[in-house]
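Novice: Handing you a structure now.
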Ligand code: FES
Ligand code: FES
């Protein structure tokens, strides 16, 4: 049994040493926004925030997240950048199957917060570790550019 702080609440969960944070979030805590795509750190579908920084939850053993603040997409419902990003993704048709979207949104929010989403080239570079099999990325880049513009106003 371990204690994890997730989305502002302390949770007690059973976790084996081999269990990834992504698996525990999904299978024990029912937080299904965190997706598992590649399960080896390549696609970014499993992004969460660990102490405020994006992390690949498929690579983090859940036991190593003890003592850190874990935030998933579900914990960012009222975040103003995330609200802007979600509206922009909808307006720009930036998702199709949606499997990559939670990870994209976590990565995009971080880029906007760091001031690293000022133009399409910068955004494409920032998304280098985020894989989408459906969209061709144009809508995603346009959405992030729009949300970044909104965040600067
Ligand atoms: S599922 Fe974690 S990076 Fe692909
Ligand atoms: S929308 Fe399907 S993988 Fe990105």
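Novice: Just a yes or no: is a residue in region 107-118 in contact with a helix residue (DSSP H, G or I) (Cβ under 9 Å, 6 or more places away or on another chain), touching a residue at least 60 places away in the same chain (Cβ under 8 Å) and more than 20 Å from residue 48 (Cα to Cα)?
Specialist: no
Novice: Output the number of residues of region 72-83 satisfying the condition of being crowded, with 20+ Cβ neighbours inside 10 Å and away from ligand 1 (no atom under 16 Å from the Cβ).
Specialist: Result for region 72-83: 1.
Novice: Can you name the helices (runs of 4 or more DSSP H) wholly within region 73-153 that have at least 1 residues being within 13 Å of ligand 2 (Cβ to nearest atom), under 21 Å from residue 36 (Cα atoms) and assigned by TED's automatic domain parsing to the domain that holds residue 31? Break it down into steps so the answer makes sense when it comes.
Specialist: Details: elements: 80-91, 101-113, 120-126, 138-152.
By residue number, no helices (runs of 4 or more DSSP H) qualify.
Novice: Working carefully through the options 61, 17, 54, find the one that is under 16 Å from residue 102 (Cβ atoms) and outside the structural domain of residue 102 (by TED's automatic domain parsing).
Specialist: 54
Novice: Another question about this same structure. Can you tell me which residues in region 126-145 are out of contact with any helix residue (DSSP H, G or I) (no Cβ under 8 Å at 6 or more places or on another chain) and within 21 Å of residue 46 (Cβ to Cβ)?
Specialist: Passing the criteria: 128, 131, 133, 134, 135.
Novice: Output the residues belonging to region 33-58 that are more than 6 Å from ligand 1 (Cβ to nearest atom), farther than 14 Å from residue 76 by Cα and under 12 Å from the mean Cα position of the chain (by Cα).
Specialist: 35, 55, 57, listed by residue number.
Novice: Here's a follow-up. Taking region 55-97 only, how many residues are within 17 Å of residue 26 (Cα to Cα) and without any contact (Cβ under 8 Å) to a residue 60 or more places away in the chain? Write out each step before concluding.
Specialist: Going through region 55-97, the residues within 17 Å of residue 26 (Cα to Cα) turn out to be 55-66, 69-76.
Next, from what is left, pick out any that are without any contact (Cβ under 8 Å) to a residue 60 or more places away in the chain: 55-61, 64, 73, 76.
Result for region 55-97: 10.
Novice: Residue under question is residue 64, and the condition is that it be surrounded by 16 or more Cβ atoms within 10 Å (Cβ to Cβ) and not in a loop (DSSP other than H, G, I, E, B); does it hold?
Specialist: Spelling it out, it is not the case that residue 64 is surrounded by 16 or more Cβ atoms within 10 Å (Cβ to Cβ) and not in a loop (DSSP other than H, G, I, E, B).
The values are calculated or read from the model by the stated rules, or taken from the named source; none is laboratory data. On a predicted model such as this, the values are computed, not experimentally measured, just so you know. In this analysis, Cβ positions are derived from the backbone assuming ideal geometry, glycine residues included, and neighbour counts consider all displayed protein chains.
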